[in-house]
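In what follows, a single structure is set out as structure tokens and then discussed.
The values are calculated or read from the model by the stated rules, or taken from the named source; none is laboratory data. Computed from a prediction, not measured in an experiment: that's the story for all the values here. A quick note on method: Cβ atoms are made from the backbone with ideal geometry, for glycine too, and the neighbour counts reach across all protein chains shown. For the accessible areas, the whole protein counts, side chains as well, though only heavy atoms, and no ligand, DNA or RNA atoms are used. Shrake-Rupley method; radii C 1.70, N 1.55, O 1.52, S 1.80 Å.
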Amino acid sequence: MNHPVDVTNLAVTLGGRPVLEDITLQVGQGELVGLLGPNGAGKTTLFRAMLGLVPVTRGQVSIDGHTDVDARRIACGYVPQRHDVAWSFPMSVHDAVLGGRVRRVGWLRRAGTEDYLAAQRALHRVRMEHLADRPLGELSGGQRQRVLIARALAAEPRVLLLDEPFTGLDMPTQEVLTDLFRRLAEEGEALLMSTHDLTGAAASCDRMVLIRRRVIAEGSPAQLRDAEPWSRTFQVRLDSPLLAGLGLVLPAAEGAPTVAESVPTVADLDPTAGSASAADPESTDAADLVAAGSTPLEGSC
């Protein structure tokens, strides 16, 4: 299988503390892979490292065969969390999506016919063409998420990075987005999606990667039936309600043990977890997102 995403032995240290250690993962063409872990586990930091927004201590990131940062950003579409975007900015849906072409067209250059066609194709893929002229501020949460996906698709990437796309959305909207992600995978996109929806990921993803500073386990939902790696990843009891909906296989011994005390806590992994500051490796700085061409308000073509 062709692997547009190939991360090998990746390590990131921020503020003198290791945030990611020896991360190795692949995403194949046409795959939807779920990236699962608690807050502070390094999910957003991994995305930022793949986009070249944080320094890498060691290891390598290849996106569609490219290791150069600029080439990786062109080949990779990043869909940020909705709260990272200024939705009150006076811009139409079409112009926001057209802005996703900036990485290909370049700054201070006018969009051409192909750029407008790419924006129209992206809106069609997310079923939003009928709302092209609507102001961003008038959109629902699910519509806003689809605008961000269309904006990323306008650049015609091989890879989509989806940062917690279901946060704050009701179940019907989550189902609409899940259907969209499955359709994009069937069309050949490689999708890596971070999410806290464990049961949803198990139902929709081809493979899942459990991460807590390092990769704890990875495999298809059928292969990740053992409760132990889930318990280590989320630092909960083997019989925790958090894991109850996954249908995991518990140990035969009576009385499920708690996670070993040696498992690091969220504070150990990220001492700044819970505070959105420049030192927080899991916070998303607007300047960083603009540098990656990821917000819809960086300016249109």
Check: Can you name the condition, by its number, that Q174 falls short on among (1) within 21 Å of L35 (Cα to Cα); (2) in a helix (DSSP H, G or I); (3) in contact (Cβ under 8 Å) with a residue 60 or more places away in the chain?
Finding: (3)
Next item on the list: Just one of (1) over 16 Å from L192 (Cα atoms); (2) in contact with a Lys or Arg (Cβ under 7 Å, 6 or more places away or on another chain) trips up A75, so point out which.
Entry: (1)
Check: open to solvent by less than 40 Å² (accessible area, probe 1.4 Å), of a type outside the set (G, A, S) and more than 24 Å from P221 (Cα to Cα) - does that describe any residue in the stretch 22-43?
Finding: no
Check: Quick one: in the stretch 191-219, which of the residues that are open to solvent by less than 30 Å² (accessible area, probe 1.4 Å) and of a type in the set (S, T, N, Q) is nearest to E21 (Cα to Cα)?
Finding: S194
Check: Of all the residues that make up the stretch 237-246, how many are open to solvent by less than 80 Å² (accessible area, probe 1.4 Å) and either outside any loop (DSSP other than H, G, I, E, B) or within 30 Å of D6 (Cα to Cα) (or both)?
Finding: 3
Note to self: Tally up the residues in the stretch 157-170 that are closer than 14 Å to S140 by Cβ and among the aliphatic types (A, V, I, L, M), please.
What the structure shows: 1
Item checked: strands (runs of 3 or more DSSP E) contained entirely in the stretch 23-82, each with at least 2 residues that are over 23 Å from A122 (Cα atoms) and under 12 Å from the mean Cα position of the chain (by Cα) -> 32-36
Check: Can you name the number of the only condition in (1) part of a helix (DSSP H, G or I); (2) under 17 Å from R144 (Cα atoms) that G200 fails?
Finding: (2)
Note to self: I'd like to check something: does the stretch 122-139 contain any residue that is part of a helix (DSSP H, G or I), open to solvent by 70 Å² or more (accessible area, probe 1.4 Å), out of contact with any Pro (no Cβ under 8 Å at 6 or more places or on another chain) and over 21 Å from S88 (Cα atoms)?
What the structure shows: yes
Note to self: Take the conditions assigned to a loop (DSSP other than H, G, I, E, B), open to solvent by less than 30 Å² (accessible area, probe 1.4 Å), out of contact with any Ser or Thr (no Cβ under 8 Å at 6 or more places or on another chain) and of a type outside the set (D, E, K, R) and apply them to G188. Does it pass?
What the structure shows: yes
Check: Within the stretch 83-113, restricting attention to residues that are part of a helix (DSSP H, G or I) and surrounded by fewer than 15 Cβ atoms within 10 Å (Cβ to Cβ), which residue is modelled with the highest pLDDT?
Finding: T113
Notebook entry, point to check: What tally of residues in the stretch 140-163 results from selecting those that are under 27 Å from D70 (Cα atoms), in contact with a Ser or Thr (Cβ under 9 Å, 6 or more places away or on another chain) and in a loop (DSSP other than H, G, I, E, B)?
Noted result: 0
Check: Exactly one of (1) touching a Gly at 6+ places or on another chain (Cβ under 8 Å); (2) open to solvent by 10 Å² or more (accessible area, probe 1.4 Å) is unmet by V159. Its number?
Finding: (2)
